[in-house]
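The values are calculated or read from the model by the stated rules, or taken from the named source; none is laboratory data. Since the structure is predicted, the reported quantities are computational estimates derived from the model, not experimental observations. Neighbour counts are summed over all protein chains in view; Cβ atoms, including those assigned to glycine, are modelled from backbone coordinates with ideal geometry.
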Amino acid sequence: MTRGLDAAAPVVLAITGASGAPYGIRLLEQLLVAERRVSLIVSSHGFRLLRTESDIADLAQLREAVGPSRWDGLVTVYDDGDRGAAPASGSHLAGGMVICPCSMGTVASIAAGTSRSLVERAADVALKERRPLLLVTRETPLSLIHLENMRQVTLAGATVMPAAPGFYHRPTRIEELVDFIVARALDHLGVPNTLAPRWGEPRE
């Protein structure tokens, strides 16, 4: 049985190398707006992604992008190469984990349980401890291997959320498409938000 979300425990947020840096940045920002503590892990490919898609070269620039004052009080950064860091242990409490964006290579590693990096090990811990694990995948088209790996992690307890925004809210800006996905991710993490209109609600 999946354990309830602990709002006092940090959310583990990982950013990997799938295209979709704006999703990860906006999700981090909104977690901090909600005053949720965040255990942040950025893979080497995640850093390359941030540079390529958002001109964020390092953690200092990411801190500036999401708000230094909130970052300083709520974010703890972990090295993806440190498989002995706190998120690698089941005794370290966490209020769930989200990988956003999540590459197909990361999905494959989680499905196989290889735990070669802290991102993969933290995801493995989330599954074995029956904590929420949300994978915001970004790839198209999908091969049979991708689909089988996503099926495998779903059977293990993860939630796969492809970064495929809807259009019923009549978006006119890229930011609204990003917020559509980020709002759904926040919902699954139990974080209240009003980023995007919900079905049946009037548009402002």
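Here are a few things to note about the model shown:
- Per the conditions (1) part of a loop (DSSP other than H, G, I, E, B); (2) in contact with a helix residue (DSSP H, G or I) (Cβ under 6 Å, 6 or more places away or on another chain), the sole criterion not satisfied by VAL178 is (1).
- Test: residue in the range 78-90 that is over 16 Å from GLU120 (Cβ atoms), of a type outside the set (Lys, Arg) and at pLDDT 95 or above: no
- Restricting attention to the range 122-173, the residues that are assigned to a helix (DSSP H, G or I), over 20 Å from ASP80 (Cα atoms) and among the small types (Gly, Ala, Ser) add up to 1.
- Of the residues in the range 93-100, none is more than 18 Å from ARG130 (Cα to Cα), aliphatic (A, V, I, L, M) and surrounded by fewer than 19 Cβ atoms within 10 Å (Cβ to Cβ).
- Residue match in the range 93-106 (condition: among the hydrophobic types (A, V, I, L, M, F, W, C), more than 19 Å from VAL11 (Cα to Cα), at pLDDT 95 or above and not in a strand (DSSP E or B)): yes
- Considering (1) touching a Phe, Trp or Tyr at 6+ places or on another chain (Cβ under 7 Å); (2) not in a loop (DSSP other than H, G, I, E, B), the lone condition that VAL119 does not fulfil carries the number (1).
- Test: ALA18 is surrounded by 19 or more Cβ atoms within 10 Å (Cβ to Cβ), in contact (Cβ under 8 Å) with a residue 60 or more places away in the chain, in a loop (DSSP other than H, G, I, E, B) and small (Gly, Ala, Ser): yes
- If you check ARG116, ARG83, ARG130 for being surrounded by fewer than 24 Cβ atoms within 10 Å (Cβ to Cβ), of a type outside the set (S, T, N, Q), in contact with a Lys or Arg (Cβ under 6 Å, 6 or more places away or on another chain) and farther than 20 Å from MET161 by Cβ, only one passes: ARG83.
- Taken over the range 3-45, the criterion of being of a type in the set (Ser, Thr, Tyr), in contact with a strand residue (DSSP E or B) (Cβ under 8 Å, 6 or more places away or on another chain) and over 23 Å from LEU177 (Cα atoms) is satisfied by SER39, SER43.
- Evaluation of GLY113 against the conditions (1) within 22 Å of SER43 (Cβ to Cβ); (2) in contact (Cβ under 8 Å) with a residue 12 or more places away in the chain shows that the sole unmet condition is (2).
- For the range 181-188, the condition of being buried (at least 17 other Cβ atoms within 10 Å of the Cβ), assigned to a loop (DSSP other than H, G, I, E, B) and among the aliphatic types (A, V, I, L, M) holds for none of the residues.
- Inter-residue pairs, beta-carbon under 8 Å, first at pLDDT 95 or above and in the range 160-171, second assigned to a loop (DSSP other than H, G, I, E, B), 6+ apart: PRO162/ARG138; ALA163/GLY20; ALA163/ARG138
- Single condition SER69 does not satisfy, out of (1) assigned to a helix (DSSP H, G or I); (2) in contact with an Asp or Glu (Cβ under 8 Å, 6 or more places away or on another chain); (3) small (Gly, Ala, Ser): (2)
- The conditions of being buried (at least 16 other Cβ atoms within 10 Å of the Cβ) and either touching a Lys or Arg at 6+ places or on another chain (Cβ under 9 Å) or at pLDDT 95 or above (or both) are not met by LEU59.
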